[in-house]
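First up is the structure itself, then whatever we jot down about it.
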Amino acid sequence: MTDKHIIVGIHVTNRAQRAGDVQKVFTEYGCNIKTRLGLHEVHDNVCAPNGLIVLEMHGEEPKCNEMIQKLKGIPGIEVQKMVFGH
């Protein structure tokens, strides 16, 4: 994947219920995740039920695609991938 830069966006609905399943996948592919950024809304002591996670991937693209398919198998998860060529 040295000639590509892959960014994965993950929209999580019902974060409290889905976080554990998503984290299991992240742990399985931890060596392929270079950067992880989590975003969610916070209002006066209440966290929003939805969130967005942005991943910068490392390694071979098929491994990244494998992770994406596992994430897509979790109810309430939407995944999108951006690929930048160098």
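Among the residues of segment 1-42, those identified as out of contact with any Lys or Arg (no Cβ under 8 Å at 6 or more places or on another chain), over 12 Å from Ile74 (Cβ atoms), assigned to a loop (DSSP other than H, G, I, E, B) and of a type outside the set (Ser, Thr, Tyr) are Met1, Asp3, Glu41.
Selection of segment 48-72 for residues being acidic (Asp, Glu) and at pLDDT 95 or above yields Glu56, Glu66. Phe26 fulfils the conditions (1) touching a helix residue (DSSP H, G or I) at 6+ places or on another chain (Cβ under 9 Å); (2) modelled with pLDDT under 90 except for a single criterion, (2).
Close contacts from segment 2-20, counting a first residue that is over 15 Å from Pro49 (Cβ atoms) and in contact (Cβ under 8 Å) with a residue 12 or more places away in the chain and a second that is among the basic types (Lys, Arg) and surrounded by 13 or more Cβ atoms within 10 Å (Cβ to Cβ), with Cβ to Cβ under 7 Å and a gap of 6+ residues or different chains, come to Ile6/Lys81; Val8/Lys81. What residue, of Lys72, Lys63, is touching a residue at least 12 places away in the same chain (Cβ under 8 Å) and of a type in the set (Lys, Arg)? Result of the check over Lys72, Lys63: Lys63.
Search segment 64-75 for residues being exposed (fewer than 15 other Cβ atoms within 10 Å of the Cβ) and touching a strand residue (DSSP E or B) at 6+ places or on another chain (Cβ under 9 Å), and hand back the single one that is nearest to Asn14 (Cα to Cα). By that ranking, first place goes to Lys72. Among the residues making up segment 24-48, those that are more than 12 Å from the chain's Cα centre (by Cα) and surrounded by 10 or more Cβ atoms within 10 Å (Cβ to Cβ) are Glu28, His40, Glu41, Cys47, Ala48.
The values are calculated or read from the model by the stated rules, or taken from the named source; none is laboratory data. Quantities reported herein were computed from a predicted structural model and do not represent experimental measurements. Neighbour counts are summed over all protein chains in view; Cβ atoms, including those assigned to glycine, are modelled from backbone coordinates with ideal geometry.
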